[in-house]
Amino acid sequence: MRDLLMVGVGRMGRPYVAAARRLGANVRGVEFGARAEAAAELLGGVHRARGGFDEPLVEAALGAAAERAPDAVVAFSEEHVMGAALLQDALGLPGPSLHASVLSRNKSLQRACFAAHGLPQPDFMVTQSLDDAEAWAAPRLPVVVKPLSLSGSRGVELVVDDVEYREAAERRAHESLLIVEAAVHGPEYSWEGLVEDGRIWFGNITAKETTGPPHFVEVAHRAAAELEDDVAAQVHRLAVGVIGALRFRTGLMHLEFRIAEDGPTIMEVAVRTPGDFIMEILGLSYDIDWFEMTLRLAFGLPLPDPPTRPVRYAASYLLAAPAGRVTAVEGLAETQAHCGVVQAEVKVAEGDVVASTSSSLDRVGSAIVAAPTRAALEDVLAFVRSTLRVRTEPLCS
Ligand SMILES: Nc1ncnc2c1ncn2[C@@H]1O[C@H](COP(=O)(O)OP(=O)(O)OP(=O)(O)O)[C@@H](O)[C@H]1O
Ligand SMILES: [Mg+2]
(Lines give C-alpha, C1' and ligand atoms only; values in the text may rest on other atoms or scores of the structure.)
(Ligands and ions follow the chains in the order given, each with its own letter.)
Protein backbone atom coordinates (compact mmCIF):
# COMPACT_ATOMS: atom_id res chain seq x y z
CA MET A 1 0.00 0.00 0.00
CA ARG A 2 1.28 3.49 -0.87
CA ASP A 3 2.27 5.56 2.13
CA LEU A 4 1.71 9.31 2.39
CA LEU A 5 3.37 11.39 5.08
CA MET A 6 1.61 14.67 5.72
CA VAL A 7 3.79 17.17 7.52
CA GLY A 8 0.93 18.99 9.23
CA VAL A 9 -2.71 18.09 8.82
CA GLY A 10 -4.66 20.63 10.89
CA ARG A 11 -8.35 20.76 10.23
CA MET A 12 -8.15 22.35 6.81
CA GLY A 13 -5.83 19.58 5.58
CA ARG A 14 -8.37 16.83 6.13
CA PRO A 15 -9.53 16.71 2.51
CA TYR A 16 -6.02 15.44 1.72
CA VAL A 17 -6.75 12.42 3.89
CA ALA A 18 -9.96 11.62 2.01
CA ALA A 19 -8.21 12.10 -1.34
CA ALA A 20 -5.29 9.87 -0.27
CA ARG A 21 -7.69 7.11 0.69
CA ARG A 22 -9.33 7.37 -2.73
CA LEU A 23 -5.87 6.84 -4.19
CA GLY A 24 -5.47 3.76 -2.00
CA ALA A 25 -2.83 5.27 0.28
CA ASN A 26 -2.16 4.87 3.96
CA VAL A 27 -1.78 8.29 5.59
CA ARG A 28 0.58 9.18 8.40
CA GLY A 29 0.92 12.65 9.85
CA VAL A 30 3.39 14.82 11.72
CA GLU A 31 1.62 17.06 14.19
CA PHE A 32 2.01 18.94 17.45
CA GLY A 33 -0.09 19.21 20.61
CA ALA A 34 -3.87 19.01 20.41
CA ARG A 35 -3.64 18.74 16.63
CA ALA A 36 -1.70 15.49 17.08
CA GLU A 37 -4.51 14.09 19.24
CA ALA A 38 -7.11 15.06 16.63
CA ALA A 39 -5.01 13.61 13.81
CA ALA A 40 -4.52 10.33 15.70
CA GLU A 41 -8.23 9.61 15.38
CA LEU A 42 -8.10 10.13 11.64
CA LEU A 43 -4.81 8.70 10.41
CA GLY A 44 -2.91 5.45 10.22
CA GLY A 45 -0.16 6.88 12.43
CA VAL A 46 0.83 10.18 14.00
CA HIS A 47 4.36 11.33 14.75
CA ARG A 48 4.28 13.90 17.52
CA ALA A 49 6.50 16.95 17.26
CA ARG A 50 7.94 18.61 20.36
CA GLY A 51 6.81 22.04 19.18
CA GLY A 52 4.61 23.65 16.55
CA PHE A 53 7.37 25.49 14.66
CA ASP A 54 9.81 24.53 11.91
CA GLU A 55 12.63 22.86 13.87
CA PRO A 56 10.66 20.34 15.97
CA LEU A 57 8.41 19.64 12.99
CA VAL A 58 11.52 18.83 10.93
CA GLU A 59 12.75 16.57 13.74
CA ALA A 60 9.45 14.67 13.85
CA ALA A 61 9.26 14.43 10.05
CA LEU A 62 12.77 12.94 9.86
CA GLY A 63 11.85 10.51 12.65
CA ALA A 64 8.70 9.45 10.81
CA ALA A 65 10.67 8.72 7.64
CA ALA A 66 13.33 6.82 9.59
CA GLU A 67 10.61 4.52 10.88
CA ARG A 68 9.29 3.95 7.36
CA ALA A 69 10.24 5.77 4.17
CA PRO A 70 7.04 7.29 2.71
CA ASP A 71 6.16 7.20 -1.02
CA ALA A 72 4.99 10.82 -0.96
CA VAL A 73 5.34 13.79 1.38
CA VAL A 74 3.19 16.92 1.42
CA ALA A 75 3.43 20.06 3.55
CA PHE A 76 0.30 21.61 4.93
CA SER A 77 1.12 25.07 6.21
CA GLU A 78 4.14 27.44 6.43
CA GLU A 79 5.84 25.82 9.42
CA HIS A 80 5.58 22.41 7.71
CA VAL A 81 7.35 23.38 4.49
CA MET A 82 10.92 22.70 5.63
CA GLY A 83 10.17 19.27 7.10
CA ALA A 84 8.48 18.17 3.88
CA ALA A 85 11.17 19.69 1.65
CA LEU A 86 14.06 18.07 3.50
CA LEU A 87 12.40 14.68 3.24
CA GLN A 88 11.45 15.06 -0.42
CA ASP A 89 15.06 15.98 -1.11
CA ALA A 90 16.55 13.16 0.96
CA LEU A 91 14.23 10.50 -0.45
CA GLY A 92 14.22 11.73 -4.05
CA LEU A 93 10.45 12.29 -3.96
CA PRO A 94 8.55 14.87 -6.04
CA GLY A 95 8.29 18.25 -4.34
CA PRO A 96 8.75 21.98 -4.93
CA SER A 97 12.55 21.59 -4.36
CA LEU A 98 14.66 22.47 -1.38
CA HIS A 99 15.67 25.72 -3.09
CA ALA A 100 12.06 26.84 -3.59
CA SER A 101 11.10 25.79 -0.07
CA VAL A 102 13.92 27.65 1.67
CA LEU A 103 13.14 30.80 -0.28
CA SER A 104 9.40 30.58 0.17
CA ARG A 105 9.86 30.28 3.93
CA ASN A 106 11.61 33.65 4.16
CA LYS A 107 10.15 36.85 2.70
CA SER A 108 13.56 38.49 2.47
CA LEU A 109 15.35 35.58 0.75
CA GLN A 110 12.62 35.38 -1.87
CA ARG A 111 12.85 39.13 -2.48
CA ALA A 112 16.64 38.77 -2.97
CA CYS A 113 16.07 35.96 -5.47
CA PHE A 114 13.36 37.83 -7.39
CA ALA A 115 15.52 40.98 -7.51
CA ALA A 116 18.39 38.98 -9.00
CA HIS A 117 15.97 37.63 -11.65
CA GLY A 118 14.54 41.07 -12.43
CA LEU A 119 11.00 40.08 -11.41
CA PRO A 120 8.59 42.93 -10.54
CA GLN A 121 8.36 43.59 -6.80
CA PRO A 122 8.64 46.51 -4.36
CA ASP A 123 11.96 47.96 -3.19
CA PHE A 124 12.83 46.29 0.08
CA MET A 125 15.35 46.26 2.88
CA VAL A 126 15.95 43.58 5.49
CA THR A 127 17.05 44.98 8.81
CA GLN A 128 17.89 44.03 12.37
CA SER A 129 16.19 47.19 13.63
CA LEU A 130 13.76 49.71 12.21
CA ASP A 131 16.12 52.44 13.47
CA ASP A 132 18.78 51.19 11.05
CA ALA A 133 16.34 51.20 8.14
CA GLU A 134 14.91 54.67 8.85
CA ALA A 135 17.11 56.56 6.39
CA TRP A 136 16.24 54.01 3.68
CA ALA A 137 12.51 54.10 4.48
CA ALA A 138 12.05 57.89 4.86
CA PRO A 139 12.04 58.77 1.13
CA ARG A 140 9.95 55.67 0.31
CA LEU A 141 7.04 56.18 2.72
CA PRO A 142 4.46 54.71 2.95
CA VAL A 143 6.18 51.41 3.68
CA VAL A 144 5.03 48.01 4.87
CA VAL A 145 6.88 46.42 7.79
CA LYS A 146 6.71 42.67 8.33
CA PRO A 147 8.44 39.71 9.94
CA LEU A 148 10.34 37.37 7.63
CA SER A 149 8.60 34.07 8.28
CA LEU A 150 5.15 34.55 9.77
CA SER A 151 1.83 34.26 7.96
CA GLY A 152 -1.80 35.36 8.20
CA SER A 153 -0.74 39.05 8.31
CA ARG A 154 0.79 38.60 11.78
CA GLY A 155 3.11 41.56 12.35
CA VAL A 156 2.30 43.13 8.97
CA GLU A 157 1.62 46.88 9.14
CA LEU A 158 1.49 49.84 6.83
CA VAL A 159 3.49 52.82 8.09
CA VAL A 160 2.47 56.04 6.38
CA ASP A 161 4.69 58.79 7.77
CA ASP A 162 7.75 59.62 9.91
CA VAL A 163 5.74 59.79 13.13
CA GLU A 164 4.24 56.35 12.58
CA TYR A 165 7.65 55.02 11.61
CA ARG A 166 9.20 56.25 14.87
CA GLU A 167 6.30 54.78 16.81
CA ALA A 168 6.69 51.40 15.05
CA ALA A 169 10.49 51.47 15.61
CA GLU A 170 9.97 51.87 19.36
CA ARG A 171 7.15 49.35 19.61
CA ARG A 172 9.05 46.76 17.56
CA ALA A 173 12.53 47.32 18.99
CA HIS A 174 12.55 43.77 20.41
CA GLU A 175 12.08 42.15 16.96
CA SER A 176 15.45 41.05 15.66
CA LEU A 177 14.73 40.79 11.92
CA LEU A 178 12.19 42.67 9.85
CA ILE A 179 11.65 43.46 6.20
CA VAL A 180 10.63 46.97 5.17
CA GLU A 181 9.08 47.36 1.72
CA ALA A 182 7.76 50.21 -0.38
CA ALA A 183 3.96 50.00 -0.33
CA VAL A 184 2.53 48.81 -3.64
CA HIS A 185 -0.88 50.12 -4.70
CA GLY A 186 -3.42 48.19 -6.73
CA PRO A 187 -5.94 45.38 -6.37
CA GLU A 188 -4.70 42.16 -4.90
CA TYR A 189 -4.82 38.64 -6.31
CA SER A 190 -3.26 35.27 -5.89
CA TRP A 191 -2.29 32.65 -8.44
CA GLU A 192 -2.62 29.01 -7.55
CA GLY A 193 -0.80 26.63 -9.81
CA LEU A 194 -0.33 22.89 -10.00
CA VAL A 195 3.13 22.44 -11.41
CA GLU A 196 4.74 19.25 -12.69
CA ASP A 197 8.48 19.21 -13.14
CA GLY A 198 8.62 22.98 -13.59
CA ARG A 199 5.72 23.08 -16.08
CA ILE A 200 2.31 24.52 -15.20
CA TRP A 201 -0.41 21.86 -15.50
CA PHE A 202 -3.10 24.33 -14.48
CA GLY A 203 -3.18 27.82 -13.01
CA ASN A 204 -5.97 29.93 -11.56
CA ILE A 205 -6.25 33.57 -10.55
CA THR A 206 -8.11 34.40 -7.31
CA ALA A 207 -9.19 37.92 -6.37
CA LYS A 208 -8.34 38.81 -2.79
CA GLU A 209 -10.17 41.24 -0.54
CA THR A 210 -8.60 42.38 2.74
CA THR A 211 -9.47 44.64 5.64
CA GLY A 212 -7.04 47.15 4.06
CA PRO A 213 -4.44 49.11 6.00
CA PRO A 214 -2.80 48.86 8.40
CA HIS A 215 -2.89 45.02 8.64
CA PHE A 216 -4.50 43.81 5.38
CA VAL A 217 -6.21 40.76 6.88
CA GLU A 218 -7.87 38.61 4.21
CA VAL A 219 -11.67 38.70 4.26
CA ALA A 220 -12.72 37.24 0.89
CA HIS A 221 -11.33 35.25 -2.03
CA ARG A 222 -13.05 34.84 -5.39
CA ALA A 223 -11.64 32.04 -7.55
CA ALA A 224 -11.53 32.18 -11.36
CA ALA A 225 -11.18 35.96 -11.24
CA GLU A 226 -11.82 37.85 -14.44
CA LEU A 227 -8.92 39.87 -15.80
CA GLU A 228 -8.32 41.48 -19.19
CA ASP A 229 -6.60 38.99 -21.50
CA ASP A 230 -3.35 40.95 -21.62
CA VAL A 231 -3.23 41.26 -17.82
CA ALA A 232 -3.95 37.54 -17.42
CA ALA A 233 -1.08 36.87 -19.84
CA GLN A 234 1.21 39.09 -17.73
CA VAL A 235 0.20 37.11 -14.64
CA HIS A 236 0.99 33.86 -16.44
CA ARG A 237 4.42 35.20 -17.40
CA LEU A 238 5.00 36.29 -13.81
CA ALA A 239 4.12 32.81 -12.53
CA VAL A 240 6.51 31.26 -15.08
CA GLY A 241 9.22 33.70 -13.97
CA VAL A 242 8.69 32.87 -10.30
CA ILE A 243 8.75 29.12 -11.01
CA GLY A 244 12.05 29.60 -12.85
CA ALA A 245 13.61 31.85 -10.20
CA LEU A 246 12.60 29.54 -7.36
CA ARG A 247 13.64 26.48 -9.35
CA PHE A 248 10.24 25.14 -8.39
CA ARG A 249 9.78 21.54 -9.52
CA THR A 250 6.54 19.82 -8.56
CA GLY A 251 3.52 20.63 -6.41
CA LEU A 252 1.26 23.48 -5.50
CA MET A 253 2.38 27.08 -5.74
CA HIS A 254 0.54 30.02 -4.21
CA LEU A 255 1.73 33.37 -5.53
CA GLU A 256 0.34 36.64 -4.15
CA PHE A 257 0.55 39.86 -6.16
CA ARG A 258 -1.00 43.24 -6.68
CA ILE A 259 -1.80 44.67 -10.08
CA ALA A 260 0.03 47.98 -9.88
CA GLU A 261 0.05 50.71 -12.52
CA ASP A 262 2.95 49.06 -14.32
CA GLY A 263 1.60 45.52 -14.04
CA PRO A 264 1.52 42.55 -11.67
CA THR A 265 3.92 43.03 -8.74
CA ILE A 266 4.87 40.19 -6.39
CA MET A 267 3.74 40.33 -2.76
CA GLU A 268 5.04 36.90 -1.81
CA VAL A 269 5.11 33.27 -2.82
CA ALA A 270 4.35 30.11 -0.83
CA VAL A 271 4.92 26.47 -1.75
CA ARG A 272 2.24 25.02 0.49
CA THR A 273 -1.51 24.63 0.64
CA PRO A 274 -3.23 28.04 0.50
CA GLY A 275 -5.52 28.75 3.45
CA ASP A 276 -8.95 30.37 3.73
CA PHE A 277 -10.71 27.53 1.85
CA ILE A 278 -9.02 28.51 -1.41
CA MET A 279 -8.55 24.81 -2.27
CA GLU A 280 -12.28 24.25 -1.77
CA ILE A 281 -13.35 27.19 -3.95
CA LEU A 282 -10.91 26.08 -6.65
CA GLY A 283 -12.47 22.62 -6.52
CA LEU A 284 -15.95 24.09 -6.87
CA SER A 285 -14.88 26.37 -9.71
CA TYR A 286 -13.27 23.72 -11.90
CA ASP A 287 -14.80 20.44 -10.71
CA ILE A 288 -11.42 18.96 -9.93
CA ASP A 289 -10.23 18.08 -6.45
CA TRP A 290 -7.11 20.19 -5.91
CA PHE A 291 -6.18 18.11 -2.88
CA GLU A 292 -6.17 14.97 -5.02
CA MET A 293 -4.23 16.67 -7.83
CA THR A 294 -1.61 17.82 -5.30
CA LEU A 295 -1.30 14.26 -4.03
CA ARG A 296 -1.08 12.87 -7.56
CA LEU A 297 1.86 15.21 -8.15
CA ALA A 298 3.45 14.15 -4.84
CA PHE A 299 3.12 10.44 -5.68
CA GLY A 300 4.13 10.93 -9.31
CA LEU A 301 0.73 9.61 -10.45
CA PRO A 302 -0.82 10.65 -13.78
CA LEU A 303 -3.04 13.72 -13.95
CA PRO A 304 -6.26 14.00 -15.97
CA ASP A 305 -6.63 16.61 -18.72
CA PRO A 306 -6.55 20.06 -17.13
CA PRO A 307 -9.83 21.99 -16.93
CA THR A 308 -10.51 24.49 -19.69
CA ARG A 309 -12.88 26.88 -17.95
CA PRO A 310 -14.77 27.36 -14.69
CA VAL A 311 -17.94 25.34 -14.34
CA ARG A 312 -19.27 27.69 -11.66
CA TYR A 313 -18.03 30.62 -9.56
CA ALA A 314 -17.04 30.24 -5.95
CA ALA A 315 -15.74 32.39 -3.12
CA SER A 316 -14.77 32.17 0.50
CA TYR A 317 -15.80 34.82 2.99
CA LEU A 318 -14.04 35.34 6.30
CA LEU A 319 -15.91 37.22 8.96
CA ALA A 320 -14.18 39.95 10.98
CA ALA A 321 -15.91 41.50 14.00
CA PRO A 322 -15.18 44.68 15.95
CA ALA A 323 -13.13 44.11 19.12
CA GLY A 324 -15.13 43.52 22.30
CA ARG A 325 -17.35 41.03 24.04
CA VAL A 326 -19.71 39.08 21.79
CA THR A 327 -23.32 40.06 22.48
CA ALA A 328 -24.95 38.12 19.64
CA VAL A 329 -24.23 35.75 16.76
CA GLU A 330 -26.82 36.41 14.09
CA GLY A 331 -27.96 34.74 10.91
CA LEU A 332 -25.95 31.52 10.97
CA ALA A 333 -28.89 29.18 10.34
CA GLU A 334 -30.29 31.51 7.68
CA THR A 335 -26.90 31.67 5.98
CA GLN A 336 -26.46 27.90 6.04
CA ALA A 337 -29.95 27.45 4.56
CA HIS A 338 -29.21 29.66 1.53
CA CYS A 339 -28.88 27.62 -1.67
CA GLY A 340 -25.68 29.42 -2.67
CA VAL A 341 -23.95 28.68 0.62
CA VAL A 342 -21.90 25.48 0.65
CA GLN A 343 -20.89 25.78 4.27
CA ALA A 344 -20.78 28.43 6.99
CA GLU A 345 -19.55 28.51 10.55
CA VAL A 346 -18.94 30.91 13.40
CA LYS A 347 -16.10 30.23 15.82
CA VAL A 348 -17.25 32.43 18.72
CA ALA A 349 -20.26 32.45 21.02
CA GLU A 350 -22.03 35.04 23.17
CA GLY A 351 -19.74 36.15 26.01
CA ASP A 352 -16.47 35.43 24.17
CA VAL A 353 -13.96 38.24 23.82
CA VAL A 354 -12.88 39.15 20.30
CA ALA A 355 -9.62 41.02 19.60
CA SER A 356 -9.37 43.70 16.94
CA THR A 357 -8.62 42.12 13.57
CA SER A 358 -4.87 42.35 13.12
CA SER A 359 -4.24 38.84 11.79
CA SER A 360 -6.13 35.96 10.20
CA LEU A 361 -6.36 34.31 13.63
CA ASP A 362 -8.71 37.09 14.81
CA ARG A 363 -11.42 36.32 12.27
CA VAL A 364 -14.56 34.87 13.82
CA GLY A 365 -16.31 32.90 11.09
CA SER A 366 -16.32 31.78 7.49
CA ALA A 367 -18.50 30.79 4.58
CA ILE A 368 -17.95 29.10 1.25
CA VAL A 369 -20.33 30.21 -1.47
CA ALA A 370 -20.92 29.17 -5.08
CA ALA A 371 -23.16 30.25 -7.94
CA PRO A 372 -23.61 29.66 -11.67
CA THR A 373 -22.51 33.17 -12.69
CA ARG A 374 -20.23 35.88 -11.33
CA ALA A 375 -23.21 38.18 -10.82
CA ALA A 376 -25.09 35.52 -8.85
CA LEU A 377 -21.97 34.92 -6.76
CA GLU A 378 -21.90 38.61 -5.81
CA ASP A 379 -25.55 38.36 -4.75
CA VAL A 380 -24.79 35.39 -2.48
CA LEU A 381 -21.77 37.18 -1.02
CA ALA A 382 -23.86 40.30 -0.35
CA PHE A 383 -26.49 38.14 1.33
CA VAL A 384 -23.89 36.46 3.58
CA ARG A 385 -22.25 39.78 4.42
CA SER A 386 -25.52 41.32 5.53
CA THR A 387 -26.91 38.22 7.26
CA LEU A 388 -24.04 36.58 9.11
CA ARG A 389 -23.06 38.92 11.93
CA VAL A 390 -21.14 38.77 15.15
CA ARG A 391 -22.16 41.71 17.34
CA THR A 392 -19.81 42.91 20.04
CA GLU A 393 -19.77 45.58 22.72
CA PRO A 394 -16.55 47.33 23.73
CA LEU A 395 -14.84 46.04 26.86
CA CYS A 396 -14.73 48.53 29.72
CA SER A 397 -11.14 49.24 30.67
N1 LIG B 1 4.80 45.87 -0.06
C2 LIG B 1 3.49 45.82 0.12
N3 LIG B 1 2.69 46.75 -0.47
C4 LIG B 1 1.35 46.74 -0.28
N5 LIG B 1 0.71 45.84 0.48
C6 LIG B 1 1.45 44.89 1.09
C7 LIG B 1 2.87 44.83 0.95
N8 LIG B 1 3.30 43.79 1.67
C9 LIG B 1 2.23 43.22 2.24
N10 LIG B 1 1.10 43.89 1.90
C11 LIG B 1 -0.26 43.59 2.31
O12 LIG B 1 -0.23 42.81 3.48
C13 LIG B 1 -0.79 41.49 3.23
C14 LIG B 1 -0.02 40.47 4.02
O15 LIG B 1 1.32 40.49 3.62
P16 LIG B 1 2.11 39.14 3.38
O17 LIG B 1 1.34 38.29 2.44
O18 LIG B 1 3.49 39.48 3.01
O19 LIG B 1 2.08 38.57 4.87
P20 LIG B 1 1.59 37.16 5.42
O21 LIG B 1 1.61 37.29 6.89
O22 LIG B 1 2.40 36.10 4.78
O23 LIG B 1 0.09 37.04 4.97
P24 LIG B 1 -0.72 35.74 4.48
O25 LIG B 1 -0.16 34.54 5.21
O26 LIG B 1 -2.13 36.09 4.86
O27 LIG B 1 -0.51 35.67 3.00
C28 LIG B 1 -0.70 41.33 1.74
O29 LIG B 1 -1.66 40.40 1.28
C30 LIG B 1 -0.96 42.75 1.26
O31 LIG B 1 -2.35 43.06 1.32
MG1 LIG C 1 0.63 36.66 2.06
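A few remarks follow.
- Value in Å of the Kirkwood radius, where the range 242-296 supplies the Cα pairs that are averaged: 12.7
- For the range 304-312, 3J(HN,Hα) computed residue by residue from phi via the Karplus equation (6.51, -1.76, 1.60; θ = phi - 60°) reads x, 5, x, x, 9, 7, x, 9, 7 Hz, glycine and proline entered as x.
- Based on the convex hull around the alpha carbon atoms, the range 126-282 presents an average projected area of 9.5 nm².
- Accessible solvent surface per residue of the range 119-220, calculated while the other protein chains remain in place, 1.4 angstrom probe, Å²: 44
- Helix-only [θ]222 nm of the chain, DSSP H runs n ≥ 4, -39500 (n - 2.57) each, per residue, nearest 500: -10000 deg cm²/dmol
- For the chain, DSSP calls about 80 percent of its internal beta bridges antiparallel.
- 11 Å beta-carbon shell around Arg374, net charge (K/R +1, D/E -1): -1
- Each distinct pair of alpha carbons in the range 320-363 adds a 1/r term; the inverse of their mean, the Kirkwood radius, is 11.6 Å.
- Computed over the alpha-carbon pairs of the range 84-206, the distance histogram in 10 Å steps reads 12, 35, 31, 16, 6, 0 percent, short to long.
- Note on the chain: Kirkwood hydrodynamic radius from all Cα pairs is 22.0 Å, rounded to one decimal.
- Geometric extent, Cα atoms of the range 291-372 - Rg, Dmax (angstrom): 17.9, 52
- Taking only the C-alpha atoms of the range 212-354, the Rg (one decimal) and the largest Cα-Cα distance, Dmax (whole number), read 18.3, 52 Å.
- Total formal charge among the other residues, if their Cβ is under 13 angstrom from that of His80, Lys/Arg +1 and Asp/Glu -1: -3
- For Phe32, distant residues with modelled amide H under 5 Å away: Ala49
The values are calculated or read from the model by the stated rules, or taken from the named source; none is laboratory data. The structure displayed is predicted, hence computed values, not measured ones. Note: ideal-geometry Cβ built from the backbone for every residue, glycine included; neighbour counts use all protein chains shown. Quick note on the areas: whole protein, heavy atoms, side chains included, nothing else; ligands and nucleic acids left out. Shrake-Rupley method; radii C 1.70, N 1.55, O 1.52, S 1.80 Å.
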